[in-house]
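A.B. asks: Let me give you the structure first, and then I'll get to my questions.
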Amino acid sequence: MPTEPLSRARIVAAAIDLIEREGADAVSMRRIAAELGVGAMSLYNHVPNKDALLSGVAEAVLSEIEFTDDPDADWTDRVRAQARAFRQIAHGYPRCTMLVVSRQLRSNAGLLPVERALATLRSAGFDGVDAVRVLRMFIAFIVGSLLREVGVTPAFAPARHPMVSPEDVDPALFPEVSALAPLLGSCDHEVDFEFGVELLIQAIAALQQRKEGTR
């Protein structure tokens, strides 16, 4: 069977596979070349450098997010759907998630989620300033949730890495931590994510109502 021609898509796919197996630190142009069975210099005909390759990985992962949008739905339902769609990357590509949330992408794949979110907020009646602020707040929440979910942040870490054990805590010094240690040591990511999304939506809705009341 003939070997598939070398292409940018093939190089990016090899990088994604390597990252999911060993993490982003394993990526180098030489290592990707070895994975593909080609000379390292041949990669540069398709990808100028490692930084461009990592951006290509982030773009490829983002492009697989399935955004479904109903323009007739309430803006709160549209925001929920967009947040859930973005969270998909933590499920399909847990290790590549770090690249997606850490790189500023100006490509179509990187701008599409931003465009959809802003369009939803603007159609709900938010002015440009508030729409951008709400978007940034949601991004901060989603990024923080994804980082915790893929296990890269130590605070309140996933259940496989319990934060505290009751026997390790002095209840006299830390009565609340001691009492709630079992809860701090466990985490249902989906439940926590939905809880956070609902809190944000309620806060945003309250902001909208307050501004409408001052008009």
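A.B. asks: Taking interchain pairs and intrachain pairs at least six residues apart, which have beta carbon atoms under 9 angstrom, with the first residue in the stretch 50-79 and on the phi > 0 side of the Ramachandran plot and modelled with pLDDT of 90 or more and the second buried (at least 20 other Cβ atoms within 10 Å of the Cβ) and part of a helix (DSSP H, G or I)?
C.D. replies: Pairs found: none.
A.B. asks: Where in the stretch 1-60 are there helices (runs of 4 or more DSSP H), lying wholly inside it, with at least 1 residues that are aromatic (Phe, Trp, Tyr) and not assigned by TED's automatic domain parsing to the domain that holds residue 100?
C.D. replies: Passing ranges: none, list empty.
A.B. asks: Which residue pairs have Cβ atoms closer than 8 Å, lie 6 or more positions apart in sequence or on different chains, and pair a first residue in the stretch 89-112 that is without any contact (Cβ under 8 Å) to a residue 40 or more places away in the chain with a second residue that is assigned to a helix (DSSP H, G or I)?
C.D. replies: 92/61; 104/110
A.B. asks: Give 81, 73 a once-over and let me know the one that is in a helix (DSSP H, G or I) and aliphatic (A, V, I, L, M).
C.D. replies: Unique residue meeting the criteria: 81.
A.B. asks: Condition first: under 13 Å from the mean Cα position of the chain (by Cα), farther than 16 Å from residue 145 by Cα and either of a type in the set (Val, Ile, Thr) or assigned to a helix (DSSP H, G or I) (or both). Now tell me which residues in the stretch 84-113 satisfy that.
C.D. replies: Across the stretch 84-113, the qualifying residues are 110, 113.
The values are calculated or read from the model by the stated rules, or taken from the named source; none is laboratory data. Remember, predicted model here, so these are calculated numbers, not experimental data. A quick note on method: Cβ atoms are made from the backbone with ideal geometry, for glycine too, and the neighbour counts reach across all protein chains shown.
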